């Protein structure tokens with residue numbers, strides 16, 4: 001496989017690109033939002049004849065090998081993050097793959113063949129152009145590294161910024177066996193807190209115990225509100241909440257004096273036409289005032305400048321064997337392992353049925369499209 005040195009003129013600036021010519025096809029497949037809808041299957045189309053993009057001077061061209069599925073993918077396909085957005089547009093936030101081409105100024109930090117994880121739009125594609133600043137070098141193409149990029153950094157930064165954790169405090173994590181919840185559990189335990197986690201099966205409860213959760217609550221078998229009231233009558237100090245709806249109300253009621261509730265999402269509402277999860281907010285001010293408690297929202301987009309630092313620390317924890325990165329590639333899902341872009345639709349459905357343990361990830365095999 002020989003490397004070709006090509007000069008490309010883009011935006012009136014000449015720069016060099018490194019290509020592995022025999023590895024890059026002319027066309028590729030990608031997922032495109034063609035209709036705004038929270039129903040991912042209705043909103044998104046698989047297109048098979050898209051031109052492989054060229055990177056700009058400060059960019060990488062990444063051949064994706066694994067792509068991460070997030071609950072917010074359907075918010076994006078519904079146009080909720082940018083009401084002015086017009087279809088068609090690319091979808092997907094995060095990927096893991098190898099660099100197959102790069103702009104000249106990006107070559108000081110990266111090289112062809114290097115494994116990188118990245119946070120950038122358009123990851124649901126065989127190839128994605130990624131700003132070098134949005135990529136992180138990783139040791140190898142293992143899907144566990146991708147679980148850290150959004151899920152891990154969200155847990156790390158939200159707890160560091162808003163959690164104010166200290167030894168002995170009680171932390172409640174909702175959807176604790178999910179992609180982000182697993183890290184909130186482990187990071188809270190590293191802070192020497194007592195961790196409670198909600199989940200939907202005994203298998204998930206067993207997983208949570210294995211990563212340090214002191215009190216898993218299987219809400220299919222136990223009443224979450226009753227458990228919290230009976231076993232934690234003085235309340236919990238921190239709630240890490242991503243479900244919304246009735247569980248949010250239970251979490252507010254369970255707050256201790258000076259308790260903090262951190263909202264990183266409300267997945268129970270994303271598939272509704274409005275994207276909202278109804279809560280009984282009428283009494284919220286009185287409840288918070290009575291306890292000197294607080295509610296904070298956390299959206300990773302507002303903390304992107306801190307993501308490289310967080311990713312570096314998480315990578316070290318994982319390398320040192322101090323952090324489990326559970327991934328779910330769909331082996332136990334109807335239809336089997338998530339392989340290929342067409343399986344992203346199944347992966348989104350699977351996540352929304354609450355069947356996954358850990359981060360939902362789709363594997364992309366090497367492209368078989370026509371070559372240059």
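Key figures for this structure:
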| item | result |
| --- | --- |
| Candidate set: segment 168-187, residues that are farther than 20 Å from residue 145 by Cα and in contact with a strand residue (DSSP E or B) (Cβ under 6 Å, 6 or more places away or on another chain); chosen: the one surrounded by the fewest Cβ atoms within 10 Å (Cβ to Cβ) | 169 |
| Some residue of segment 32-39 being surrounded by fewer than 16 Cβ atoms within 10 Å (Cβ to Cβ), in a strand (DSSP E or B) and at pLDDT 95 or above | no |
| Single unsatisfied condition, residue 247 versus (1) surrounded by fewer than 20 Cβ atoms within 10 Å (Cβ to Cβ); (2) part of a helix (DSSP H, G or I); (3) in contact (Cβ under 8 Å) with a residue 40 or more places away in the chain; (4) assigned by TED's automatic domain parsing to the domain that holds residue 181 | (1) |
| Checklist (1) within 18 Å of residue 110 (Cβ to Cβ); (2) at pLDDT 90 or above; (3) crowded, with 22+ Cβ neighbours inside 10 Å applied to residue 17, failing item | (2) |
| Wholly enclosed helices (runs of 4 or more DSSP H) of segment 278-372 bearing at least 3 residues under 25 Å from residue 208 (Cβ atoms) | 307-319, 344-352 |
| Test: residue 110 is surrounded by fewer than 24 Cβ atoms within 10 Å (Cβ to Cβ), under 22 Å from residue 306 (Cα atoms) and modelled with pLDDT under 95 | no |
| Residue match in segment 260-271 (condition: farther than 27 Å from residue 218 by Cβ and either part of a strand (DSSP E or B) or out of contact with any helix residue (DSSP H, G or I) (no Cβ under 6 Å at 6 or more places or on another chain) (or both)) | no |
| Failed criterion for residue 221 (all others in (1) surrounded by fewer than 21 Cβ atoms within 10 Å (Cβ to Cβ); (2) part of a helix (DSSP H, G or I); (3) over 23 Å from the mean Cα position of the chain (by Cα) hold) | (2) |
| Whichever residue in segment 113-131 is farther than 13 Å from residue 98 by Cα and in contact with a helix residue (DSSP H, G or I) (Cβ under 8 Å, 6 or more places away or on another chain) and, among such residues, is surrounded by the fewest Cβ atoms within 10 Å (Cβ to Cβ) | 120 |
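The values are calculated or read from the model by the stated rules, or taken from the named source; none is laboratory data. The structure displayed is predicted, hence computed values, not measured ones. Quick reminder, even Gly has a Cβ in these numbers, built from the backbone with ideal geometry, and neighbours come from all protein chains shown.
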